[in-house]
Structure formats: structure tokens, C-alpha cells
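Data first, discussion second: the structure below is written as C-alpha cells.
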């Protein structure tokens with residue numbers, strides 16, 4: 001299942017437009033906040049699909065029966081670009097545990113690249129709902145490899161993926177490898193360059209959120 005939030009919510013479309021805009025991109029705080037807001041909308045929509053239970057709450061004047069989440073999800077993000085979206089998820093799932101994975105493209109002189117995973121910190125995942133955020137799904141390779149890495153820590157009950165912009169090619173690859181995943185996108189682009197960059201996309205989300213990095 002793939003949900004394009006821009007088609008359903010006009011505010012998301014506005015935030016995506018700002019993420020893409022080269023002038024607005026000069027404001028790193030605004031860029032981070034727009035990523036955060038997209039994940040907040042996704043978090044609210046995901047919450048509708050999670051299991052709930054009824055509890056009684058004592059008020060000053062009596063008792064109220066209400067619904068709460070039956071189980072808190074685990075919120076995961078791919079460092080560093082996923083941090084603003086991770087924060088947005090925690091704004092709504094404020095009792096959730098967190099997982100962090102460092103994944104990046106390791107380029108070769110011929111222009112090809114491999115996905116390198118160098119760090120992971122996560123809680124118990126067995127039987128839990130996992131929501132993972134990454135601003136861009138281009139080829140989908142890093143996301144799939146990251147989730148396969150996470151699955152070594154336990155059998156994930158339900159998987160939600162949140163991104164700001166996804167490419168059609170990347171979505172197709174992710175769903176081939178992870179057919180039960182639900183993907184929530186701020187928007188979807190159709191073109192991917194030979195080097196694996198989304199067009200029109202928005203550029204390097206990590207650099208735009210936190211500043212350019214030194215090239216090793």
C-alpha cells in the first residue's frame with residue numbers, strides 16, 4: 001500500500017513545495033520544520049490504523065471510558081537526514097521507543113555505489129509496530145537494507161515507512177522486497193537519474209537540513 005499525502009492533504013502539498021524551492025531551502029530551520037510537519041501528519045494518519053484498547057479514566061466529576069493505543073510503536077530513522085521526521089513522529093507518539101541506523105551510499109570511482117551500514121541502536125522489536133522515516137526513497141536500496149538489518153533484531157509485526165518524496169522506481173523495489181510495508185509519501189516523482197537521484201526531487205535532504213558535509 002502506498003499513500004501520497006499530497007493528494008489528500010493540501011497543507012502537505014504546500015510543505016513539499018517549500019522543501020523543493022531553492023530559495024526557501026536556504027532556511028535550514030524551515031526545511032527541518034517542513035520535514036517534521038509531514039511526519040506529524042503521517043503519524044496522525046497511522047494512528048488511525050493501530051490497535052486500541054478501552055480504559056476508564058477518573059475525572060474530578062466521575063469516570064470516562066476512552067480509547068488509547070494498545071501498544072506503542074517503535075519509531076526508527078536513518079541518520080542523519082531522518083532526524084527531523086523522527087522528531088515529528090515523537091511529537092505524536094511521545095511514549096514510543098526509538099531506533100537509529102546509520103546508512104549511506106559508498107560511491108566507487110566508476111559512479112556506482114553500495115549501501116554501507118555502520119551503526120544501529122534499537123529496542124526489542126519482536127511483535128511490534130515499526131515506523132521508519134527517511135526523507136527520500138530513490139532507488140530504495142538503503143531503506144530495504146536498513147529494514148532487513150532491523151529485522152535481525154526481531155519479527156516486526158507491522159511496518160510503516162514515511163518519506164517526504166519517493167521515486168516510483170524506489171517504491172516498486174521496496175514493495176517487491178517488503179510486500180507488507182505501508183509507504184506514506186509527501187509526494188511521488190517518476191524520474192530517477194543514472195546516479196540514483198530523484199528528479200525533480202529536492203536535492204540532498206541531509207545537507208539542506210543540517211549543512212553540507214565534508215566528502216571523505
*Obtain the radius of gyration and the Kirkwood radius of segment 115-216 from its C-alpha atoms and give Rg over Rh.*
0.98
_Below 8 Å, C-alpha to C-alpha, sequence gap of six or more: please give me the relative contact order for segment 1-75 in percent._
18
*asked:* Order 74-84, 15-25 from most to least packed using the mean count of other Cβ atoms within 10 Å.
replied: 74-84, 15-25
_Ranked list, fewest to most other Cβ atoms within 10 Å of each Cβ, for 122, 185, 163_ = 122, 185, 163
*Out of the DSSP beta bridges found with both residues in the chain, what percent are antiparallel (nearest 5)?*
40
*Express the relative contact order of segment 112-203 as a whole percentage, based on alpha carbon pairs under 8 Å and six or more residues apart in sequence.*
29
*Taking each pair of different alpha-carbon atoms in segment 1-151 once, compute 1/r for the pair, average those values, and report the inverse of that mean as the Kirkwood hydrodynamic radius in Å to one decimal.*
17.4
_On the principal axes of its Cα set, how long, how wide and how thick is segment 10-87? Give whole Å, largest value first._
54, 27, 21
_Of the candidates 95, 151, 49, which one comes out as most mobile in a Gaussian network treatment of the chain with C-alpha springs shorter than 10 Å?_
49
*asked:* Using Cα-Cα distances under 8 Å and only pairs 6 or more residues apart, what relative contact order does segment 1-151 have, in percent?
replied: 19
*asked:* Suppose each label sits 7 Å from its Cα in the direction of the beta carbon; what would the residue 119-residue 27 distance come out to in nanometres?
replied: 3.0
_Based only on other Cβ atoms within 10 Å, what is the fewest-to-most ordering of 93, 210?_
210, 93
_Cβ-based exposure ranking for 31, 100, in which fewest neighbours within 10 Å come first_ = 100, 31
*Pick from 85, 28, 136: which residue has the top mean-square fluctuation in a GNM of the chain where Cα pairs under 10 Å get a spring?*
28
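Values quoted throughout were computed directly from the atomic coordinates according to the rules given, and no laboratory measurement underlies them. Values in this document were obtained by computation on a predicted structure and should not be read as measured data. Cβ atoms come from the backbone with ideal geometry, glycine included; neighbour counts cover every protein chain shown.
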